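Participant: Please see the structure below; I have some questions.
Just so you know, all these numbers are worked out from the coordinates, no wet-lab data involved. Keep in mind it's a predicted model, so treat the numbers as computed, not measured. Counting neighbours? That spans all protein chains shown, and the Cβs are built from the backbone with ideal geometry, glycine included.
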Amino acid sequence: MEIIELWKSVPGYEEGHHHPTLEYYKAENKKGHGTVVILPGGGYSKRAPHEGEGYANFLNGIGLDCFVLQYRVAPTRFPYPLLDARRAMRYVRANADKYGIDPEKIAIMGSSAGGHLAEITSLYSGAIDGEGYDELDDVPYKPNAQILCYPVTDFDSHNGSYNNLLGERRCEMMELVNPIAIARSDAPPAFIWHTETDATVKLESTLRYVARLHSLNVRCELHVYPDGRHGLGLAPDNPIVSRWSKDLEFWLAMMGYMD
């Protein structure tokens, strides 16, 4: 695994807070020129390794290179997690030749709050503080696909994530970072899964997001599994839910990310 520094001097960085980095995981038996940038979940207060390195090992195992972004979390607030995600997308696209990947086959993948960050990276179009740092910021950041695992969407799905992301600006900003509200017809196609019994992030909010994408004619594949707690990741101890990774593999092949 290679650790990549995204800036020489990180915009908005405060001493003692987390320093964002991008981790490159190379597949030994590469089977395609697509790649995935992974955003672990953790309620914007931490980053769960099983939703970062765990997913990276799975994707390497099916023949895809991938990247894990260790983005900033609370007490760092919006827009800096989004700035980190945009920078990661730009870095991967700008260095596509170096890594042997297709710059038009870069998916973004997130779980829980990482899913929310993946959504707003796909949808939020406004300029944000910290951009314009160097020529890399001229590279397009928009993902070519979004892969969402039990994602936070609107405020009702998990208000703790919104509180950690926005802090005192919650009331002012929460509709501006509501993926359901800001979804548009040029959103990237989506693969989404959730469980019916998730007691932490509500399935209903995912269904509202899917309905919104469908209304905009955005391609979307949704899987709802009947039983499973929040934060399962690859769900190795739940044979019903663990099928999602095979479903994702089929979807990635269908979308041209794998040979």
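Participant: Between segment 221-256 and segment 1-54, what is the separation of their alpha carbon centroids in Å?
Facilitator: 22
Participant: A further question follows. Relative contact order for segment 157-219: what percent, with Cα pairs under 8 Å and sequence separation of 6 or more?
Facilitator: After rounding, I find 43 percent.
Participant: Working only with C-alpha atoms, what are the Rg and Dmax values of the chain, expressed in angstrom?
Facilitator: 16.7, 48
Participant: Looking at segment 203-259, which GluC sites (Glu not before Pro) are DSSP coil and have at most 14 other C-beta atoms within 10 Å of their C-beta?
Facilitator: Within segment 203-259, no GluC sites (Glu not before Pro) qualify (loop, at most 14 other Cβ atoms within 10 Å).
Participant: Among the GluC sites (Glu not before Pro) within segment 1-78, which fall in a DSSP loop and have no more than 16 other Cβ atoms within 10 Å of their own Cβ?
Facilitator: Glu5, Glu14, Glu15, Glu28
Participant: How big is the Cα convex hull of segment 68-191 in projection, averaged over all directions, in nm²?
Facilitator: 7.6
Participant: Please rank Trp251, Trp244, fewest neighbouring Cβ atoms within 10 Å first, as an exposure proxy.
Facilitator: Trp251, Trp244
Participant: Using 0.36 nm times the number of residues separating Thr197 and Glu104, minus their current alpha carbon distance, what extension gain do you get?
Facilitator: 29.9 nm
Participant: Order of Thr197, Thr121 from fewest to most other C-beta atoms within 10 Å?
Facilitator: The order, fewest Cβ neighbours first, is Thr197, Thr121.
Participant: Here's another thing I want to ask about it. May I have the pair-distance distribution P(r) for segment 173-216, computed from all Cα-Cα distances with 5 Å bins from 0 and rounded to whole percent?
Facilitator: Computed distribution, short to long bins: 5, 20, 28, 24, 16, 7, 0.
Participant: Still on this structure, I have one more. Please state the relative contact order of segment 1-118 as a whole percent: Cα pairs under 8 Å, 6+ residues apart?
Facilitator: Rounded, it is 33 percent for segment 1-118.
Participant: Tell me, what ³J(HN,Hα) does each residue in segment 188-199 have, in order and in whole Hz, if you take phi through Karplus 6.51 cos²θ - 1.76 cosθ + 1.60 with θ = phi - 60° and put x for Gly and Pro?
Facilitator: 3J(HN,Hα) across segment 188-199, in whole Hz: x, x, 10, 10, 9, 9, 7, 10, 5, 9, 5, 9.
Participant: Could you give the size of the charge dipole of segment 2-254 about its Cα centre, using +1 on the Cβ of each K and R and -1 on the Cβ of each D and E, expressed in debye and rounded to the nearest 20?
Facilitator: About 300 debye.
Participant: In whole angstrom, and with the biggest value first, how far do the Cα coordinates of segment 27-79 range along each principal axis?
Facilitator: 40, 20, 11
Participant: Got the relative contact order for the chain handy, in percent, Cα pairs under 8 Å and 6 or more residues apart?
Facilitator: 19
Participant: Oh, and also: Give the span of segment 39-141's Cα atoms along each principal axis, as three whole-Å numbers ordered largest to smallest.
Facilitator: The principal-axis extents, from largest down, are 37, 31, 19 Å.
Participant: Now a separate question. Please go through the residue pairs Lys26/Lys202; Lys8/Lys46; Lys26/Lys142; Lys31/Lys202; Lys46/Lys202; Lys8/Lys246 and name each one whose alpha carbons sit more than 31 Å apart in this structure.
Facilitator: Lys26/Lys202; Lys31/Lys202; Lys8/Lys246
Participant: Where in segment 155-238 are there trypsin sites (Lys or Arg not before Pro) that are in a DSSP coil and have at most 15 other Cβ atoms within 10 angstrom of their Cβ?
Facilitator: Of the trypsin sites (Lys or Arg not before Pro), the ones in loops of segment 155-238 whose Cβ has at most 15 other Cβ atoms within 10 Å are Arg184, Arg219, Arg229.
Participant: Now, a different point. Counting other C-beta atoms within 10 Å, which of Phe67, Phe58 has the fewest, and how do the rest follow?
Facilitator: The fewest-first ordering by Cβ neighbours comes to Phe58, Phe67.
Participant: Taking every DSSP beta bridge with both residues inside segment 2-254, roughly what % is antiparallel (nearest 5)?
Facilitator: Bridges in segment 2-254 that DSSP calls antiparallel: roughly 25 percent.
Participant: Cα gyration tensor of segment 124-259, axes a ≥ b ≥ c as square roots of the eigenvalues: rounded (a/c below 1.5), prolate (a/b > b/c) or oblate?
Facilitator: oblate
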